[in-house]
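What follows is one structure encoded as structure tokens, with my remarks underneath.
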Amino acid sequence: MSVRWIGCLLSCLVAGWGEPAHAEPPAVSRVLFGSCVNQNLPAPIFERMLQADPELLIFLGDNVYADTAGMQVMRDKYQQLAALPRFEELRQHCPVLAIWDDHDYGQNDGGADFEQRAAAQEVFVDFWGDPPDSPRRKRPGVYDAHLFGPAGQRLQVILLDTRYFRSPLQRGERRTGGPYVADPDPNKTMLGEAQWQWLEKQLREPAELRIIATGIQFAAEAAGQETWSNLPAERQRMIQLIRRTGAEGVLFLSGDRHWSEVSAVRDGAPYVLYDITSSSLNQIHPRGTPTDNRNRIHDTTCHVPNFGILQIDWSAPHPTVMASIVCVDGSVPIQIRITGDELRKP
């Protein structure tokens, strides 16, 4: 863990003659995120991420390529990830949060029909070091929420599980992105009812900026790949929930695609809902051609190993975010500035 966070921890534990301190936690101003790590390949990007000095790190799924119903095989692959140079240093540098996508879930494109989902969850929380009282050890699904920073500079991180409860997807003619098509069935679910109810409570919690981490893209159109757009009723439910709760400052982070891009939802949304996709941490996309996405708002897509950075400016009442995609060579092909006013109702 970094000197900054160690110092904060100590100051919170001890003050004066050993009395508990009441110092407020520091604001988080630099969040790194990324997805898709093949544990069988080198990952020099971890060195680049350490150089960026993260204050918070979010792994957005496909953190290993397990693709197995054998839990010992899955554990072994997590240990391969842990053995990659600089990975453990990253975990010690700052707080680390993680969700899963299909490959670390255990089944390619898997959903609620994966028979080993409960066992895979146990392996997941063990590897990521969830404490004994973690909600993720007591309930189905790896969804969770965390709050960082003092009043006026509160960053809420909502980690969604888009695998454990997800209904089967509808297939059609295969396109560039895959075989899936939008399914209007209102009885199908992305999150499951318990997670939806939990999410509503989280969105009603006070926070100045909210990150919603989702393994698959939220804002991209359905172009064959797995995306929230495959279940349009669920995607609309999310938009309506943000509106109904009055939650402001929402920013989506996603992975999965093996390229990076920035998308946004405007129609029907209470304000612009940005979705920043970062993928992959150590793999080059073999095709190099992104799927169709009318909601893409930045001309550039990135197909080499990369990670994302959110640089948060807390100096104004409504924080401004500079979102960047950083490649393994240090170049920054994608950068977008999001003002605090953009993440609030006009």
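Can you sort S29, S324, S315, S263 so the residue with the fewest Cβ neighbours within 10 Å comes first? Before the final figure, lay out the partial values.
Numbers: S29 16, S324 19, S315 8, S263 23.
Result, fewest neighbours first: S315, S29, S324, S263.
Are there any trypsin sites (Lys or Arg not before Pro) in the stretch 268-328 that are in a DSSP loop and have at most 13 other Cβ atoms within 10 Å? List them by number. Listed in order of number, the matching sites are R287, R294. Given 37 °C and 0.692 mPa s, how large is the Stokes-Einstein diffusion coefficient of the stretch 113-180 in µm²/s, with Rh as the Kirkwood radius over Cα pairs? Roughly 223 µm²/s, to the nearest whole number. Proximity of backbone amide H atoms, modeled 1.01 Å from N, is registered between V250 and R210 at under 5 Å, excluding neighbours fewer than 5 places apart on the same chain.
Over the chain, what relative contact order in percent results from Cα pairs under 8 Å that are six or more residues apart? Kindly include the intermediate steps, with their values, before the conclusion.
Working: 807 pairs, mean separation 56.7, N = 346.
Computed over the chain, the figure is 16 percent.
Within straight-line reach of K138, meaning a Cα separation under 27 Å, sit the following lysines at least 8 residues removed in sequence or on another chain: K77, K188, K201. Listed from fewest to most Cβ neighbours within 10 Å, the set R163, R136, R337, R257 follows the order R337, R136, R257, R163.
What is the distance in Å between the Cα centres of the stretch 212-246 and the stretch 81-118? Comparing the Cα centres of the stretch 212-246 and the stretch 81-118, I get a distance of 22 Å. Cross-link partners for K345 among the aspartates and glutamates, with Cα-Cα distance under 19 Å and sequence neighbours closer than 8 places in the same chain left out: E200, E205, E208, E248, D267, D275. Computed from backbone phi, the HN-Hα couplings of the stretch 264-274 come to 7, 10, 10, 5, x, 7, x, 7, 5, 9, 7 Hz, rounded to whole numbers (Karplus: 6.51 cos²θ - 1.76 cosθ + 1.60, θ = phi - 60°; Gly and Pro given as x).
Which ordering of K188, K138, K77 is given by a fewest-first count of other beta-carbon atoms within 10 Å? Intermediate values should be presented prior to the final figure.
Numbers: K188 18, K138 8, K77 23.
With the sparsest Cβ surroundings first, the list reads K138, K188, K77.
Is the stretch 225-339 best put as rounded, prolate or oblate by its Cα gyration tensor, with a ≥ b ≥ c the root eigenvalues, rounded for a/c under 1.5, and otherwise prolate when a/b is larger than b/c, oblate when not? Before the final figure, lay out the partial values.
Details: a/c = 2.42, a/b = 1.26, b/c = 1.93.
Verdict is oblate for the stretch 225-339.
Per the Debye calculation on the stretch 26-343 with a single equal scatterer at every Cα and no solvent contribution, log₁₀ I(q)/I(0) for q = 0.10 Å⁻¹ amounts to -0.50.
Readers should treat all values here as calculations from the given coordinates under stated rules, not as data from a laboratory. All values derive from a computational prediction rather than experimental measurement. FYI the Cβ positions are ideal-geometry reconstructions off the backbone, even for glycines, and counts take in every protein chain you see.
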